[in-house]
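I have placed the structure first, in the form of structure tokens, so that the comments after it can refer back to it.
The values are calculated or read from the model by the stated rules, or taken from the named source; none is laboratory data. Note that the structure is a prediction, hence the values are computed from the model and not measured. When we count neighbours, we look across all protein chains shown, and the Cβ atoms used for this are built from the backbone with ideal geometry, even at glycine. For accessibility, only protein heavy atoms count, side chains too; no ligands or nucleic acids. Shrake-Rupley method; radii C 1.70, N 1.55, O 1.52, S 1.80 Å.
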Amino acid sequence: MTLEILGITVLGVFLFGYIIIASIDFGAGFFNAFSTVTGKEHILTKVIQRYLSPVWEVTNVFLVFFFVGIIGFFPKTAYYYGSTLLVPVSIAVILLAIRGAYYAFTTYGGLKHKRYTILYGLTGLFIPASLSIVLTISEGGFVTMEKSGPVLDYWALFTSPLSWSIVVLSLTSVLYISAVFLTWYAQKAKDRAAANLLRKYALVWAGPAIITATGIIVEMKDHNPEHYQRLVDVWWLFGLSVILFAGTVFLLWKRLAYGLAFGLLTGQFTFAFLAYGISHYPYLMYPYLTIYDSFTNKAMATALVIAFIAGLCLLLPSLYLLLRLFLFNKDYVQGNRNDHA
Amino acid sequence: MGNGDSVFFSRVLTELTLSFHIIYATIGVGVPLMIMIAQWVGIKKNDEHYILLARRWTRGFVITVAVGVVTGTAIGLQLSLLWPNFMELAGNTIALPLFMETFAFFFEAIFLGIYIYTWDRFKNQKKHLLLLIPVALGASFSAIFITIVNAFMNAPQGFDLVNGELVNVSPLLAMFNPAMPSKVAHVVVTAYMTSAFVLASIGAFRLLKGSNHEYHKKALLLTMKLGLIFSIATAVIGDFSGKYLAEYQPEKLAAAEWHFETEAGAPLILYGVLDNGEVKYALKVPFGLSILAHSNPNAKVIGLDQFSKEDVPPLYIHYLFDLMVTIGMWLIFLSLVYLVGTWKKWPFIFSKWFRWLMVLGGPFSIIAIEAGWWLDEVGRQPWVLRGIMRTKDAATASGHVDTMLWLFAGLYLILGIGSAFVLWRMFRKNPVEQELADRAADKAGDMK
Ligand code: HDD
Ligand code: HEM
Ligand code: HEM
């Protein structure tokens, strides 16, 4: 394995981690708001908040890790993406900031208001939508090289069917991932009513999620034939992904093994993510930037890999402890304990 | 918007984000240590008051951390968005500490999550205290790593530029640059100092507002003691920072001290104003600058005459330097008087005006932090990477920076007001007296 591949793999793992746990978080916020509007908050709010409380900062660090890491391994991305993404990423940052701070203010600070809960829920949809633009741009066709550097063509971006399909995909996946996870969590919490409602949401969002995902592959044919061809080459990964998807839906439908259902969902997204990643290779931004011509020097790459391994030795036991204390701790999950400072 | 404009707005936006982040970041670095000390004292002395102190500080702390985290995420992304050319270079040379910083964040975030949700879970308080150690370490290491990056911007090394190509990159050499030891030490210690005085402000304020509870007195005494220790350390390490400047960034020191002509036995200029290149109303300490820069009254100190005009930083940093040092000296004095006075039972220690002075200690330290960073960053101008890359060449060419500036300014306004409001409410709604009574009642209930 070359250092380039190793670097992009490390970043891919963390990006994937962020996608999954942030989706759970964003979706949870949305369902929470939705249940407030529809008068079902007594069913959902408790379960959702119990899960979210101890982990939101950890979720954020996954994102930070990704964007700091990509500058480290592929410094040229700072130039290409940094120059072009000012507006969409700034908007995402502002929304993330409002969301994070508001969350802390309410849970730790005791500020409560229905209007804010709804606002909070909506940011959970706008953030993935604005972040997903990064993926769209990476497909090429929206950035041109001018004398002053790379420039983003907003008009092309806003009128492209591809960018809107990716936005819709990000929304449906967020809701689907989140609902499946929370179904399982509510089940563990022995909260029947919540589990039933969340299961229903999961089933509702399953269809749209898979349809939009397929839709994107079709869009790609027109937009970026090269990428499309490479996507078709790894059709078997998508096949596996669809099988796992069917498995999740089946289990939910039959009300069986929600934990396994979430496991299958993770598998489904892993394969889809892999397929997408492999077919995107070697480009970081079509057609200007590949992982090879943007890679850092050898000395830095080696140092980063060593730091990464050392960091992981610190990180994995700590993450395990966190999960054991909150996610897999019966008393905590079932709400028998609340030892908040 | 022309390129000149985007440089200007990028600078303003960077200044704004960093100046806002640093308030919360400094508290984030220092307060875990204070909580740790309070909880430890509480366990040692078996004193419920100190434990409650730790607990209440923790509640406030999670709010400041939240704002620290979101503004930190903003500045992290903004560095690439606003300074893409600089970050491309930085990614090749100084990415290692930036990357390690994310692990420090992880470590801190994970254990903070655990710590705040396990307050009564352990029979043995000591076990719970152990969980705080990684939080404090993670926070301090965030500061250490990011300050290393900043030190590198002041004294870049560990690579060669040959015909515009980067060669011979050595990440470790880049990290251990000459600016690093004094800068890291000064930043970390000032964070501890600031946190101590900010917490002391709260105690002093409560006493001023009529509470006479033992709890606040203990809190004030503890934090003032810590404040004294850390402010003395700050001054000592600040002196090293000055010596570092004399050696490696003489133009910054000369600009900060209004030292125009290179000379031996240079005097130190305190305060004063600059009027058409002439220093007026200043206090002159003979040989002061030579002592400060080289510990030798007859040493030669390089003046601004040695530099070409376009390389001289703005001269207003002198005011920032004076402000920082004055506050540092004042707080050493104030905490010393308070401690001696408490011990000797001097009556004015308990007077209203003296308590007001202690309330002001927290805001003053934060002003010193801001002044220090502005001194440091403006004093590096016109360079973003000293001697290598000019600030104006580092900025984005994007045309929307001004709009983003307004958006972020709005965001910080909301976050600032929001966090202040929530903290205020939190402590208003749940006074110590009430909480102590509740806990006593709980305990009595458990006994039965
Ligand atoms: C509570 C805050 C505080 C206080 C009381 C002081 N400082 Fe400071 N100072 C800082 C907070 C700070 C800082 C925010 O941490 C800076 C900004 C950048 C840095 O490296 O540290 C700084 C920078 C800084 C620099 C510039 C370093 C550089 O640009 O590389 C010098 C020379 C000093 N300090 C010296 C002092 C002295 C002699 C003090 C005497 C008491 C002092 N500081 C008090
Ligand atoms: C958190 C404390 C910090 C504060 C308050 C601060 C403040 C400032 C200020 C006021 C400027 C503008 C100077 C001018 O334009 O005249 C500036 C510039 C800059 N700083 Fe810092 N800084 C801090 C730490 C850092 C660190 C740790 C880094 C690097 C990782 C950094 C990176 C930059 C960059 C890239 C610029 C752009 C140059 C410019 O705007 O002039 N800063 N900072
Ligand atoms: C250019 C300068 C800086 C950048 C890019 C930066 C970046 C960040 C980021 C991305 C976070 C969020 C981490 C998370 O998600 O948990 C953060 C938080 C934090 N930053 Fe900064 N930071 C800068 C300056 C500083 C400085 C100068 C200090 C210390 C003196 C500092 C100390 C902290 C701490 C302790 C946190 C954790 C949050 C808290 O405990 O309040 N940062 N920073």
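In this structure, the amide hydrogen of A:Leu289, modeled 1.01 Å from its nitrogen in the peptide plane, lies closer than 5 angstrom to those of A:Leu284, counting only residues at least 5 positions away or on a different chain. Straight Cα distances below 14 angstrom link A:Lys221 to the aspartates and glutamates A:Glu139, A:Asp233, with same-chain residues fewer than 8 positions distant left out.
Could you compute how much accessible area chains A and B hide from each other, both sides summed, with a 1.4 Å probe? Nearest 100 Å² is fine.
That pair hides around 6000 Å² of surface in total.
Semi-axes of the equivalent ellipsoid of the protein assembly as shown are 45, 37, 21 Å, computed as sqrt(5λ) over the eigenvalues of the C-alpha gyration tensor in descending order.
Taking 17 Å as the straight-line reach from the Cα of B:Lys209, the aspartates and glutamates in range (excluding those fewer than 8 positions away in the same chain) are B:Glu433. Mean 1/r over all different Cα pairs, inverted: what Kirkwood radius does chain B give, in Å? Radius from the Kirkwood sum: 23.7 Å. Pairs of Cα atoms nearer than 8 Å and 6+ residues apart set the relative contact order; for chain B it is 20 percent. Pairs of Cα atoms nearer than 8 Å and 6+ residues apart set the relative contact order; for chain A it is 23 percent.
Could you state the accessible area per residue of region A:3-333 in Å², with a 1.4 Å probe and every protein chain left in place?
Computed with neighbouring chains in place, this is 41 Å² per residue.
In region B:1-52, the C-alpha radius of gyration followed by the widest Cα-Cα span (Dmax) gives 20.7, 65 angstrom. Panel values: region A:3-333, Kirkwood radius from alpha carbon pairs, Stokes-Einstein at 25 °C and 0.890 mPa s, translational diffusion coefficient 117 µm²/s. Between the C-alpha center of region B:398-421 and that of region B:48-124 there is a gap of 21 Å. Relative to the Cα centre, the charge distribution of region A:3-333, modelled as +1 at Lys and Arg Cβ and -1 at Asp and Glu Cβ, gives a dipole magnitude of about 1440 debye. Reducing region A:164-190 and region A:1-44 to their Cα centroids gives an inter-centroid distance of 8 Å. Mean-square fluctuations from a GNM of chain B, with a 10 angstrom spring cutoff on Cα atoms, peak among B:Gln381, B:Gln249, B:Gln306 at B:Gln306.
Of all the options B:Leu208, B:Leu228, B:Leu220, the one that moves most in a Gaussian network model of chain B with Cα springs shorter than 10 angstrom is B:Leu208.
For the options A:Val47, A:Val180, A:Val89, a Gaussian network treatment of chain A with springs between C-alpha atoms closer than 10 Å singles out A:Val89 as fluctuating the most. Our coupling estimate for region B:295-304, obtained by passing each phi through the Karplus curve with A = 6.51, B = -1.76, C = 1.60 and θ = phi - 60°, is 6, 8, x, 9, 5, 7, 10, 5, x, 5 Hz, Gly and Pro reported as x. For chain B, the longest principal axis of the Cα atoms and the long axis of helix B:352-378 meet at an angle of about 30 degrees. Only helices enter this figure: runs of n ≥ 4 DSSP H residues, each worth -39500 (n - 2.57), summed and divided by the residues of chain A, yield -27000 deg cm²/dmol at 222 nm to the nearest 500. Using label points projected 7 Å from each Cα along Cα→Cβ, tell me how many nm separate A:Leu119 and A:Trp253, to one decimal. Going by the 7 Å Cα→Cβ label model, 4.3 nm. Taking every alpha-carbon pair under 8 Å whose residues sit at least 6 apart, region B:41-195 reaches a relative contact order of 21 percent. Distant-in-sequence amide contacts of B:Trp383, defined by a placed amide H-H separation under 5 Å and a gap of 5 or more residues or a different chain, comprise B:Thr391. Semi-axis lengths, largest first, of the ellipsoid equivalent to region A:146-283 are 33, 17, 12 Å, with √(5λ) applied to each eigenvalue of the Cα gyration tensor. Computed over protein heavy atoms with a 1.4 Å probe, the carbon and sulfur contribution to the accessible area of the protein assembly as shown reaches 68%. For region B:122-188, the fraction of C-alpha pairs more than 14 angstrom apart is 66%. Taking the inverse of the mean 1/r over every pair of distinct Cα atoms in region B:140-252 gives a Kirkwood hydrodynamic radius of 16.5 Å. Shielding value for B:159-168 is 1, the average number of Cβ atoms from other chains within 10 Å of each residue's Cβ. Note that region B:1-151 carries a Kirkwood radius of 16.9 Å, evaluated over its alpha carbons pair by pair. The order of B:Trp383, A:Trp236 by accessible area, most exposed first and with a 1.4 Å probe, is A:Trp236, B:Trp383.
The Stokes-Einstein estimate for region B:335-448, based on a Kirkwood radius over Cα pairs and taken at 10 °C with 1.306 mPa s viscosity, is a diffusion coefficient of 79 µm²/s. With all protein chains in place and ligands, DNA and RNA left out, the 1.4 Å accessible area ranks A:Phe250, A:Phe245 as A:Phe250, A:Phe245, largest first. When the trypsin sites (Lys or Arg not before Pro) in region B:302-363 are filtered for DSSP coil states and for at most 13 other beta-carbon atoms within 10 Å of their beta-carbon, the remaining sites are B:Lys345. Rounded to the nearest 10 degrees, the angle from helix B:214-248 to the longest Cα principal axis of chain B is 10 degrees. Helix B:3-45 and the long axis of chain B differ in direction by around 30°, with both axes built from C-alpha atoms.
Of the listed pairs B:Lys225/B:Lys352; B:Lys45/B:Lys345; B:Lys44/B:Lys183; B:Lys183/B:Lys309; A:Lys40/A:Lys254; B:Lys280/B:Lys300, which have alpha-carbon separations greater than 31 Å here? Those over the limit are B:Lys44/B:Lys183. Calculated translational diffusion coefficient of region A:1-79 (4 °C, 1.567 mPa s; Stokes-Einstein with Kirkwood radius over alpha-carbon pairs) equals 90 µm²/s. Only helical runs count toward this figure. For chain B, summing -39,500 (n - 2.57) over DSSP H runs of n ≥ 4 and dividing by all residues gives -25500 deg cm²/dmol at 222 nm.
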